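Following: one structure in structure tokens, then a few remarks.
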Amino acid sequence: MRKILMMSFALCNALLLQAAKVNKEVTIKVGKESRKYWLYVPTNIKDNCPFVLSLHGAGGHDTDKSPFRTDVADKAGCIVAYPQGKDTSFPGLGGMTAPGWSSYGEENFDTDFLKAVIEDVATKYKIDRQRLYCCGFSNGGMMTYTMANTNSQIFAAFAAISGYPINEFHLHHTSWRPAPFLHIHGKADDFVKYSLVPNVIDNMVARNGANPVPEKTTKSGKYDKSVYEAGDGGFPIIFYEINGMGHNDFTNNTEDGNSAQTMWNFFKQYTLDSPCDTTLRWRPRIETEGYEPKKHGWTMNSGTTLLRFGGAQKTDGNQNVYRSLQFQTGRYKLCFKSEGEADKTIVVKIEKLTGKKNAVLNDTVNVGENVTLPFEVTDGWGEYKITFLRPSKDDVITVTDIAIYTATDDETAAISTPQTRRSNDAVYDLQGHRVLSPEKGLYISGGRKMLKN
């Protein structure tokens, strides 16, 4: 009898450990509006615990507790909030209205709400601000991409399942810093189309400066996993392609047998202070061995066009999902290296494709130099194309190590007019002495300041 009682006591303890400490809906005020979220707090929670924001899909509810599962929260010892989306019109779905998210890639009432959820939870529990994570399903995945774009300074890592920005939402990737991102998608998903995901992944890889040639693992009958390894200053992008999976918020076809667990195993590697280069904006690394730029949206060696990227626009077929180069208002610098005949030049252009179409950069540089070209965007978010032109289609010139960074205050203050040396211009130091082989520093050429890396 005593043995039975002890076993019963042990079972009760086990059940208590599995039970939630808090498992209820919470109402908060955001501005003048009342919004709701479901709060899940495991019993084993500790001070300075991690926190996950989990976003349902269109038509879903906070009570779905999707896509991050509570059993994973129990094991991980993390708090989860499941916010409730408000009725939202989806023009891309024929004007359907359903609970969901305004995932336009910009700050809005939904980004305000999600940040308010964090603050409300933080008034009740000691969450670790270095370990906040965001994930979502379908339209919630689209909103996860929006939060990565607008609030990468808050969340340490992101994950989306069966969701990426389409149609009116369109992917923005102008975030404050590179961010670790995990994407899971079913190969049989023809709603948020699996066929278009590679375009999204390409954009995220270049934004993060990750290796564009992934390390690929295939588990027969279950998944293909592509790991785009982190480069200098960035983070990896991981992409799961799930066999037999349609438009779902969960799969057991990962190596963990649980997509929510796979998200957590990804999240827990990162904190908000994981080192990165917050000035990095775009680094495509097209010279990487095994990479085929033409298959990823690049024009190469076409007449006098040495390289060109950008230019696609929305069509019914691409659902507004394509590879693109994007900037917000700010000051930037384009860096690259070139090789070829020393007396040759390259024309470099960055031109806006949306709104008021204009060139934010149009300059000529010598072949054989490591170049830094500052430029400025003054009119808000927009899409751009970058072009490298050679004098003749027969000129053999290579351009490598293309990267765009936010310019520092010192750089923008030093160079009032973004220029580098033209082919026949003499170069002088700041004391007026002619320099035949300029090294790193600031010089005068053709009556303009130039920065030599």
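Computed values, structure above
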read-out	value
Qualifying residues in the stretch 324-365 (those that are of a type in the set (Asp, Glu) and in a strand (DSSP E or B)) - the one surrounded by the most Cβ atoms within 10 Å (Cβ to Cβ)	ASP363
Scan of the stretch 327-378 for residues that are over 18 Å from THR304 (Cβ atoms), polar (S, T, N, Q), touching a Lys or Arg at 6+ places or on another chain (Cβ under 9 Å) and in contact (Cβ under 8 Å) with a residue 60 or more places away in the chain, ordered by number	ASN370, THR372
Wholly enclosed strands (runs of 3 or more DSSP E) of the stretch 32-96 bearing at least 1 residues hydrophobic (A, V, I, L, M, F, W, C) and within 21 Å of GLY257 (Cα to Cα)	49-55, 79-83
Every residue from the stretch 115-174 that is in a loop (DSSP other than H, G, I, E, B) and under 25 Å from LYS21 (Cβ atoms)	TYR125, LYS126, ILE154, PHE155, ALA156
Leading residue by the ranking (farthest from TYR133 (Cα to Cα)) among those in the stretch 39-75 that are open to solvent by less than 30 Å² (accessible area, probe 1.4 Å) and small (Gly, Ala, Ser)	GLY60
Hits in the stretch 101-116 - residues which are crowded, with 23+ Cβ neighbours inside 10 Å, within 20 Å of VAL321 (Cα to Cα) and without any contact (Cβ under 8 Å) to a residue 60 or more places away in the chain	TRP101
Considering residues of the stretch 287-300 that are in contact (Cβ under 8 Å) with a residue 60 or more places away in the chain and either of a type in the set (D, E, K, R) or out of contact with any helix residue (DSSP H, G or I) (no Cβ under 8 Å at 6 or more places or on another chain) (or both) only, the residue most open to solvent (accessible area, probe 1.4 Å)	GLU289
Residue in the stretch 251-274 that is farthest from ALA403 (Cα to Cα), counting only those that are open to solvent by 60 Å² or more (accessible area, probe 1.4 Å) and touching a residue at least 12 places away in the same chain (Cβ under 8 Å)	GLU255
Every residue from the stretch 366-387 that is open to solvent by less than 30 Å² (accessible area, probe 1.4 Å) and of a type outside the set (Val, Ile, Thr)	ASN366, GLU369, LEU373, PRO374, PHE375, GLY380, GLY382, GLU383, TYR384
Subset of the stretch 200-230 (residues that are surrounded by 20 or more Cβ atoms within 10 Å (Cβ to Cβ) and either among the aliphatic types (A, V, I, L, M) or in a helix (DSSP H, G or I) (or both))	VAL200, ILE201, ASP202, ASN203, MET204, VAL205, ALA206, ARG207, ASN208, ALA210
Residue in the stretch 137-144 that is β-branched (Val, Ile, Thr), within 26 Å of GLY382 (Cα to Cα) and crowded, with 22+ Cβ neighbours inside 10 Å present	yes
Selection within the stretch 23-32 - more than 14 Å from ASP71 (Cα to Cα), at pLDDT 95 or above and open to solvent by 20 Å² or more (accessible area, probe 1.4 Å)	LYS24, GLU25, THR27, LYS29, VAL30
Number of positions in the stretch 231-265 that are closer than 14 Å to LYS187 by Cβ and part of a strand (DSSP E or B)	4
Cβ pairs under 7 Å, 6+ apart, first in the stretch 388-409 and buried (at least 20 other Cβ atoms within 10 Å of the Cβ), second in a helix (DSSP H, G or I)	none
Residue, nearest to TRP298 (Cα to Cα), within the stretch 175-224, restricted to residues that are of a type in the set (Ser, Thr, Tyr) and over 10 Å from the mean Cα position of the chain (by Cα)	SER195
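The values are calculated or read from the model by the stated rules, or taken from the named source; none is laboratory data. Just so it is clear, the model here is predicted, and its values are computed rather than measured. Counting neighbours? That spans all protein chains shown, and the Cβs are built from the backbone with ideal geometry, glycine included. For accessibility, only protein heavy atoms count, side chains too; no ligands or nucleic acids. Shrake-Rupley method; radii C 1.70, N 1.55, O 1.52, S 1.80 Å.
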